[in-house]
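One structure below.
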Amino acid sequence: MPHCLPTIAYEVTAMIPFAARMDRLGTESAFEYMAKAKQLEAQGKEIIHLEIGQPDFATADFICKAAYEAMQAGYTGYGPAAGLPELRAAIAEYIGATRRLSVAPEQVVVMPGAKPIIFFTLLALVEPGDEVIYPDPGFPIYESVINFVGAKAVPLPLRESVQFRCQPEELRARVSERTKLLILNSPHNPTGGVLMPQDLDAIATLARQYDLYVLADEIYSRILYDPPHHSIASLPGMQERTILLDGFSKTYAMTGWRLGYAVAAPAIIEKLTQLMINSNSCTCSFTQMAGITALQGAQQPVEAMVQAFRQRRDLMVARLNQIPGIQCLTPAGAFYGFANVSQLSLDDRALADYLMTEAGVAVLPGSSFGSYGAGYLRLSYANSLSNIEQALEQLEQAVAQLT
């Protein structure tokens, strides 16, 4: 008979010695709150999701078909680290047309999503001890990665009183001899604010004066309701000092496809490509072929999605402003309402938890986007009109019980 091996019980006597840099790495609260909501749903509670930042529309059929045809044609192996030449050329043409720039394919790098562009830009340009100015409230990954690479994160307040637009005088006050990089995000997550041409002109003047690089996060560039999109890269002397970030997730409802890109000076693209080689090797080839079809195919699905977002935005903002103790500006872009709840009895984190457990509505606390977001809630209107109406009815009833 075979011998039975004894069961050995191992006792963990010490904590795993993780690298100290891991203590500097943050997270993204949207995924944490979504996980909480899913736990409640598993227990039988109905939750209306207004917390996650992804379009609720399906990727257009013709884009999916292009990916399938690319797989059949053999686009299932490794590709160039910087991206397929045909997609880089298509992106160069698209950015040239939409930003009024002269862009060569060699100025484009394709990555699996937009987050690697944030990460790699900081790794390539910023030394420990350098300072990076970033918007607050803002996408949490900015501050997280700044801290992770050993730089100093310098928050730039975005204030409701000026429609959450960057104020050049506040930016100037935060620039020092150690400032290396400025991060801009327009249209903006979480507020929906949009930088106007006069804002960008003033910011560009400071960037040239103080020799700053700019990471321009323009992932929501096509989700605008009234003003046209303006890019700081289009201004004199800014193309060579701007890393323009964009992608397919929001515009084409392709969040799970993981397809983003950067446009920058060839020397910067070379370093970002080097980091791609050392991390991801390359971006999925058949996904890239679908990206070409998305850029060059019919844009009607994008236009229809934005029109639907406009209707939902108008409903959400109107209903929020009817609730005593809550006020919400009308966002000019993206698909979020950023509601001021500072007059209510709970702080924004306690209020978000309360609304999830008591009202069955998942939202995000503004303070998860930075200290200047305290007293606000972010509500995504990437959900149906009927669900938004129901969520706000439940939210209103729950708030009334607080007062």
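The values are calculated or read from the model by the stated rules, or taken from the named source; none is laboratory data. Given the structure is predicted, the values throughout are model-derived calculations rather than measurements. FYI the Cβ positions are ideal-geometry reconstructions off the backbone, even for glycines, and counts take in every protein chain you see. For accessibility, only protein heavy atoms count, side chains too; no ligands or nucleic acids. Shrake-Rupley method; radii C 1.70, N 1.55, O 1.52, S 1.80 Å.
With an 8 Å Cα cut-off and a minimum separation of 6 or more residues, compute the relative contact order for the stretch 257-403 in percent. Once divided by the residue count of the stretch 257-403, the mean separation gives 19 percent. Legend: residues L156, L385, sorted from most to least accessible area (1.4 Å probe; ligands, DNA and RNA excluded), read L385, L156. What separates the Cα centres of the stretch 107-167 and the stretch 330-347 is a distance of 22 Å. When the square roots of the Cα gyration tensor eigenvalues are ordered a ≥ b ≥ c, the ratio a/c for the stretch 153-271 is 1.5 or more and a/b does not exceed b/c, which makes its shape oblate.
Considering only V108, V162, V132, the mean-square fluctuation computed in a Gaussian network model of the chain, springs between alpha carbons under 10 angstrom, is largest for V162. Accessible surface for K115 stands near 80 Å², nearest 10, in the context of the full protein assembly shown (1.4 Å probe). Highest mean packing first, where packing is the average number of other Cβ atoms within 10 Å per residue, the peptides 179-187, 324-332 line up as 179-187, 324-332. Does anything in the stretch 355-375 have its amide N under 20 Å from the 7 Å Cα→Cβ label point of E46, and if so which residues? Hits in the stretch 355-375 for E46 at 20 Å: 355-363. Taking the centroid of alpha carbons for each part, the stretch 368-403 and the stretch 289-307 are 30 Å apart.
How high is the relative contact order of the stretch 17-169, in percent, counting Cα pairs under 8 Å that sit 6 or more residues apart?
Contact order relative to length: 23 percent.
Between the C-alpha center of the stretch 207-226 and that of the stretch 54-90 there is a gap of 26 Å.
Over 28 Å between Cα atoms: which of K36/K65; K36/K115; K38/K115; K65/K115 fall into that group? Checking Cα-Cα distances, K36/K65 exceed 28 Å.
Using the Cα centre as the reference, give the magnitude of the dipole from point charges on the C-beta atoms of the stretch 226-331 (Lys, Arg: +1; Asp, Glu: -1; all else neutral), rounded to the nearest 20 debye.
In debye, rounded to 20, the stretch 226-331 gives about 300.
Solvent-accessible surface (1.4 Å probe) assigned to M356 amounts to roughly 10 Å². Straight Cα distances below 16 angstrom link K152 to the lysines K180, with same-chain residues fewer than 8 positions distant left out. Which percent of the accessible area of the stretch 106-233 is formed by carbon and sulfur heavy atoms (probe 1.4 angstrom)? It is 50 percent, rounded to a whole number.
When the surface is traced with a 1.4 Å probe over the full set of protein chains, Y75 keeps roughly 70 Å² accessible. Pairs of Cα atoms nearer than 8 Å and 6+ residues apart set the relative contact order; for the chain it is 22 percent.
Estimated from helical segments only, the mean residue ellipticity of the chain at 222 nm is -12000 deg cm²/dmol, where each DSSP H run of four or more residues counts as -39500 (n - 2.57).
Ranking M196, A82, L244 by how far each Cα lies toward the positive end of the dipole of the chain (charges on Cβ) leaves A82 at the top. Among residues other than Y142 with Cβ under 10 Å from its Cβ, the summed charge is -3 (Lys and Arg +1, Asp and Glu -1). At an R0 of 45 angstrom, the distance between the Cβ atoms of M196 and A350 translates into a FRET efficiency of 0.80. Using the 1.4 Å probe convention, the accessible area of the chain works out to 44 Å² per residue with neighbouring protein chains retained.
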